[in-house]
Amino acid sequence: MISILFICISLAYVFLIGAFILGFDKLKTLPIEETDAKTSFSVIIPFRNEAENLAALLNSIEALDYQKDLMEVILVNDASEDASLTILEKFLKETSVQIKVIDNIRKSNSPKKDAINAAMKIAKHQWIVTTDADCILPKYWLHSFDAFIQRNDTQFIIAPVTYHSINTFFKRFQLLDFLSLQGATIGGFGIHQAFLCNGANLAYKKDFFETANGFAGNNDIASGDDIFMLEKAHNLAPEKVHYLKCQEAIVSTKPVDNVSHLISQRVRWASKTTNYKNSFAKIVGLLVLLMNASVICMLLLSFAEALSFQLFLFLFICKCFIDYILLFKTLRFFNQKHHLTAYFFSCFLYPLFSVYIVFVSVFGKYKWKGRVFSK
């Protein structure tokens, strides 16, 4: 009986990832062509204690190939205690980009949502683009958004994010984990099931934000400035929610440096899942958890001779194989295929890691940017 249960979970998981693979291929990549820029953007970037990352971000902003009169950047300082403001003051004296620096106005349990709300009040352009202060923006970032907007009737756009500076197995493990989410995001759009996005590369119209009443309804949740906006957008006008599958739009950020920070980050991401209203997102999350928990249970049961080791091995190989196909396609899109060398060992670590993260996110708290948050 237990064998049948594990087989059913595995079959459902293979079917799900297989659907993402088909969806990934179905969603076409947008080529950047020579077009006159028409869209005006307000770029919102909250930050707290980002002195070590701001120089790279600001240099990438300066290097953006987009008309300066069609863009503004609003940096929102969330009570930084390091040299962030000093770095910004120096940069502001040298740049030609329209940049405003304002202070965050804390009103809720979510500093980032408060920061976006504060910036939204002074944003002068209709299209809002959000990213993070530890990111590097590609040269044709805004051009790719503009080209997509000109071709499509859209009001909410999700765009790709990856990691850079990958030079250890620990960072490769993070990359594979992160890009598995990116692959599922793209695949989900390909099968018309938008259920994931990342606030490090997100765009939406200001009037949509106002129609959706901003973050009202989830301000008590510390994270989720991105995913809950996606849910609102999908409820209001699903046909106007799109994914920008374009290599020139890929924003990159750094992986974390140690296990403690990784756990805090992933727990922060996982802590909002219980508040999802999207049924498909809940099914995906539950099935992924069941599959990874099944791998652990099957291994233990096979050691106890309560389950055939051959069955465990067969189902585990099936999981690894279908995961590999989606990851291969995703890393090829992100031009990071060479990091698949870490996949073999990651296969064994990931079930333990993912189940542990779910357990901690349900029963514990997490620390981020020097602050402690509950769910």
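The values are calculated or read from the model by the stated rules, or taken from the named source; none is laboratory data. All values reported here derive from a predicted model rather than from experimental measurement. Because the Cβ atoms are built from the backbone with ideal geometry, glycine has one as well, and the counts that use them run over all protein chains shown. Quick note on the areas: whole protein, heavy atoms, side chains included, nothing else; ligands and nucleic acids left out. Shrake-Rupley method; radii C 1.70, N 1.55, O 1.52, S 1.80 Å.
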Q) Are any residues in segment 274-305 β-branched (Val, Ile, Thr) and open to solvent by 20 Å² or more (accessible area, probe 1.4 Å), and if so, which ones? A) Thr274, Ile283, Val288, Ile296
Q: Check off (1) crowded, with 19+ Cβ neighbours inside 10 Å; (2) more than 17 Å from Tyr13 (Cβ to Cβ); (3) of a type in the set (D, E, K, R) for Asp323 and give me the number that stays unchecked.
A: (2)
(Q) If I ask for residues that are in a helix (DSSP H, G or I) and open to solvent by less than 30 Å² (accessible area, probe 1.4 Å), which ones from segment 326-336 would you list? (A) Leu326, Leu327, Thr330, Leu331, Phe333
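Any idea how many residues of segment 306-317 are in a helix (DSSP H, G or I) and crowded, with 16+ Cβ neighbours inside 10 Å? Even if it seems obvious, please write down each step before you answer.
First, pick out the residues of segment 306-317 that are in a helix (DSSP H, G or I): 309-317.
If we keep only those that are crowded, with 16+ Cβ neighbours inside 10 Å too, we end up with 311-312, 315-316.
Going through segment 306-317 one residue at a time, the tally reaches 4.
Is it true that Ser260 is free of Cβ contacts under 8 Å to residues at least 60 places away in the same chain and within 19 Å of Ala184 (Cα to Cα)? Don't jump to the end; show me each part of the working.
On the way: free of Cβ contacts under 8 Å to residues at least 60 places away in the same chain: yes; within 19 Å of Ala184 (Cα to Cα): no.
Here the answer is no, as Ser260 does not meet what is asked.
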Q) Quick one: Lys282 ticks every box in (1) farther than 21 Å from Gln155 by Cβ; (2) free of Cβ contacts under 8 Å to residues at least 12 places away in the same chain; (3) out of contact with any Phe, Trp or Tyr (no Cβ under 6 Å at 6 or more places or on another chain) bar one, so which box is it? A) (3)
Q: Could you please tell me which pairs satisfy a Cβ distance under 9 Å, a separation of 6+ or placement on different chains, a first residue in segment 203-217 that is farther than 23 Å from Pro160 by Cβ and among the aliphatic types (A, V, I, L, M), and a second residue that is at pLDDT 95 or above and not in a loop (DSSP other than H, G, I, E, B)?
A: Ala212/Tyr204
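For segment 141-152, name all the residues that are crowded, with 19+ Cβ neighbours inside 10 Å and not acidic (Asp, Glu). Quick ask: steps written out before the conclusion?
Here is the first cut: in segment 141-152, the ones crowded, with 19+ Cβ neighbours inside 10 Å are 141-149.
Result: Trp141, Leu142, His143, Ser144, Phe145, Ala147, Phe148, Ile149.
Please find, among Val284, Val360, Val288, the residue that is modelled with pLDDT under 95 and in a helix (DSSP H, G or I). Don't jump to the end; show me each part of the working.
On the way: Val284 fails: modelled with pLDDT under 95; Val288 fails: modelled with pLDDT under 95.
Going through Val284, Val360, Val288 in turn, just one is modelled with pLDDT under 95 and in a helix (DSSP H, G or I): Val360.
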Q. Residue check: is Ser10 crowded, with 17+ Cβ neighbours inside 10 Å and either modelled with pLDDT under 95 or farther than 30 Å from Leu286 by Cβ (or both)?
A. no
Q: Kindly list, by first and then second residue, each pair from a residue in segment 225-245 that is in contact (Cβ under 8 Å) with a residue 60 or more places away in the chain to a residue that is open to solvent by 10 Å² or more (accessible area, probe 1.4 Å) and in a helix (DSSP H, G or I), limited to pairs with Cβ atoms under 6 Å and residues at least 6 apart or on different chains.
A: Asp225/Lys112; Val241/His234; Tyr243/Phe189; Leu244/Phe148
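For segment 343-357, enumerate the residues that are among the hydrophobic types (A, V, I, L, M, F, W, C) and buried (at least 20 other Cβ atoms within 10 Å of the Cβ). I'd like the intermediate steps shown before the answer.
We begin by selecting, within segment 343-357, every residue among the hydrophobic types (A, V, I, L, M, F, W, C); these are 344-345, 347-349, 352-353, 355, 357.
If the condition is that a residue be among the hydrophobic types (A, V, I, L, M, F, W, C) and buried (at least 20 other Cβ atoms within 10 Å of the Cβ), then Ile357 is the only one that fits.
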**Q.** Residue that is nearest to Leu331 (Cα to Cα), among those in segment 251-273 that are open to solvent by 30 Å² or more (accessible area, probe 1.4 Å) and part of a loop (DSSP other than H, G, I, E, B)
**A.** Lys254
